[in-house]
Amino acid sequence: MVLVTTEPIKSQSKTVCVIGAGPSGLVSARELKREGHKVVVMEQNDDVGGQWLYQPNVEEEDPLGKTKALKIHSSVYSSLRLDSPREVMGFSDFPFTTKKERDTRRFPGHEELWLYLKDFCQVFGLREMIRFNVRVEFVGMVNDDDDDMKRWMVKSVEKKSSEVMEEVFDAVVVATGHYSYPRLPSIKGMDVWKRKQLHSHVYRVPDPFRDEVVVVVGCSMSGQDLSIELVKVANEVHLSAKSLDISSGLSKIILKHQNFHLHPQIESLEEDGRVIFADGSCVVADTILYCTGYWYKYPFLESKGRVEVDDNRVGPLFEHTFSPWLSPSLSFVGIPRKLIGFPFFESQAKWIAKLLSGKTCLPSFDQMMQSISDFYSSREANGIPKRNTHDICDFNYSDKYADYIGFPHLEEWRKELCKSAIVNSLEILETYRDSWDNDELLQQTLQDPYFTQLSTP
């Protein structure tokens, strides 16, 4: 399908509210600023980083995240390390290089990525645009009848003073992330099981689970990571997975520990503390830890039905970014998963900034709707559940997206290093972050002008 755009209009400056000062919000602010727009970033926490701003104190949060409003945004746990090498993570003109007296590992801990984002913020002068400790309560259209450029009312609350502000912006960029609202399975007996249940959103350290029998539900990277961490302090760890066809890397770790057991999905939870699995086996557990993912949620957004979340599909959105009804004045950055995130967020931000300044245009409404329909149909034909609509798993998509605005394609070394990390994690899960077999590729990568010319001191 060939998408045709109409002629761009004369360059113009807009007032833009960016919601969130994590990676996607920060790069959006930078690109909007570069295009000459007047930008306000609203951030509910007291510093930049979004998900990467570690929040150790989770006592006030509901263990299962069932409250309407979350008190804690970050789901990062203390021991978390990146599962991609730092070389692939950086923005196109700001490499994620090592710095003296910091975490110099190729797969560093979460604090190092947070410090990288703080460096990015400082180098590009973004902090002056950010209002910290401000929670956005409402975003809605001011002029719903206007077919041209819609404007947006943004209502926010200063958390410390409780002062309420209402402001009108030409455009809103939603960059709030999608790893905060716990997604829970539906298991018979969950409501009557009286022992400890929590979602990984509030997991931080293993100590509270010492000498316990812990059931971990979900075999994603977080489920595997936390199981491996817990097996060192818990009496027993029982990992419940949708499929018992696991990677050789995980299988090796389970065989290595006598107190680490793999089970199928949970059939039911019993009042006496038993956890009964689908194969009929059971265990009496102290704690159930749900590593079952997160919901996309935008509780502040009133779009009058134009953008909705249905079974974790946010839509309809053209290229996961624009509502055909509300574009370009409302956009989303950072929705897609399972791709090399930071360069992709940057390409999204550049496209949005140029659209708002009139330097480029979107396809027609009908073309965007047809493109969305074709995309949904292709996902369905490939057997991909609706809830996984935004899981991309395709380097080519990033390159196709980049072509809309002439953003560079992903470098081959980025793709190769990323693929190598994935393969190693499947084979040597316990040690892949500290041992690898691609030194030749790594040395070639580090000679690329991206590192030799752009690296910051």
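Once you place label points 7 Å from the Cα toward the Cβ at residue 268 and residue 159, how far apart are they in nm?
4.2 nm
Taking every DSSP beta bridge with both residues inside the stretch 205-324, roughly what % is antiparallel (nearest 5)? Working shown, then result.
Details: 10 of 23 bridges.
Counting DSSP beta bridges with both partners in the stretch 205-324, the antiparallel share is about 45 percent.
Remind me, what semi-axes does the stretch 301-389 give for its equivalent ellipsoid, largest first in whole Å, using sqrt of 5 times each Cα gyration tensor eigenvalue? It would help to have the intermediate numbers written out before the result.
Working: eigenvalues 90, 51, 34 Å².
Here the semi-axes work out to 21, 16, 13 Å.
Modelling each spin label as a point 7 Å along the Cα-to-Cβ direction, I'd like the residue 192/residue 83 distance in nm, to one decimal.
3.5 nm
Taking the convex hull of the Cα atoms, report for the stretch 65-104 its projected area averaged over all directions, in nm².
Working: hull surface 20.1 nm².
Taking the Cα atoms of the stretch 65-104, their convex hull projects to 5.0 nm² on average.
Let me make sure I get this right: for the stretch 16-152, a, b and c are the square roots of the gyration tensor eigenvalues over alpha carbons, sorted descending. Under 1.5 in a/c it's rounded, otherwise prolate if a/b > b/c, else oblate. Which is it?
Working: a/c = 2.41, a/b = 1.28, b/c = 1.88.
Since a/c reaches 1.5 but b/c is at least a/b, the shape of the stretch 16-152 is classed as oblate.
Hey, what's the chain come to in accessible area per residue, 1.4 Å probe, Å²? Intermediate results must be reported in sequence, preceding the final value.
Working: 20690 Å² over 457 residues.
Here the residues of the chain average 45 Å² of exposed surface.
Suppose R0 equals 25 Å; then what is the FRET efficiency for residue 284 and residue 256 from their Cβ-Cβ distance, rounded to the nearest 0.05?
Between residue 284 and residue 256 the formula returns 0.55.
How large, in percent, is the carbon and sulfur part of the accessible surface of the chain at a probe radius of 1.4 Å?
Details: 10300 of 20690 Å².
Using a 1.4 Å probe with all protein chains present, the chain comes out at 50 percent carbon and sulfur.
If you take every DSSP beta bridge fully contained in the chain, what fraction is antiparallel? Give it as a percent rounded to 5. Working shown, then result.
Values: 29 of 64 bridges.
Antiparallel bridges make up about 45 percent of those DSSP assigns within the chain.
log10 I(q)/I(0), Debye, Cα-only the chain, no solvent, q = 0.06, 0.10 Å⁻¹?
-0.28, -0.79
Using a Förster radius of 45 Å, what is the FRET efficiency between residue 374 and residue 98 based on their Cβ-Cβ separation? Nearest 0.05, please. List each step's numbers first, then the result.
Details: r = 43 Å, r/R0 = 0.96.
Efficiency at R0 = 45 Å is approximately 0.55.
Treating only the Cβ atoms of Lys and Arg (+1) and Asp and Glu (-1) as charged, compute the dipole magnitude of the chain about its Cα centre; round to the nearest 20 debye. Working shown, then result.
Working: 54 positive and 67 negative charges, 106 e Å.
In total the dipole reaches around 520 debye.
Would you mind listing how long the stretch 154-265 runs along its three principal axes, going by Cα atoms, in whole Å with the largest first?
60, 30, 29
Can you give the FRET efficiency for residue 440 and residue 235, using 1/(1 + (r/R0)^6), R0 = 56 Å, r = Cβ-Cβ distance, to the nearest 0.05?
Numbers: r = 44 Å, r/R0 = 0.79.
In this case the efficiency is close to 0.80.
Rounded if a/c is under 1.5, else prolate if a/b beats b/c, else oblate: with a ≥ b ≥ c from the C-alpha gyration tensor eigenvalues square-rooted, which is the stretch 85-216?
Values: a/c = 2.26, a/b = 1.20, b/c = 1.89.
It is oblate, given that a/c is not under 1.5 and a/b is not larger than b/c.
The values are calculated or read from the model by the stated rules, or taken from the named source; none is laboratory data. Everything numeric here is computed off the predicted structure, so don't read it as measured data. Every residue, glycine among them, receives a Cβ derived from its backbone with ideal geometry; neighbour counts consider all protein chains shown. Calculation scope for accessible area: heavy atoms of the full protein, side chains included, ligands and nucleic acids excluded. Shrake-Rupley method; radii C 1.70, N 1.55, O 1.52, S 1.80 Å.
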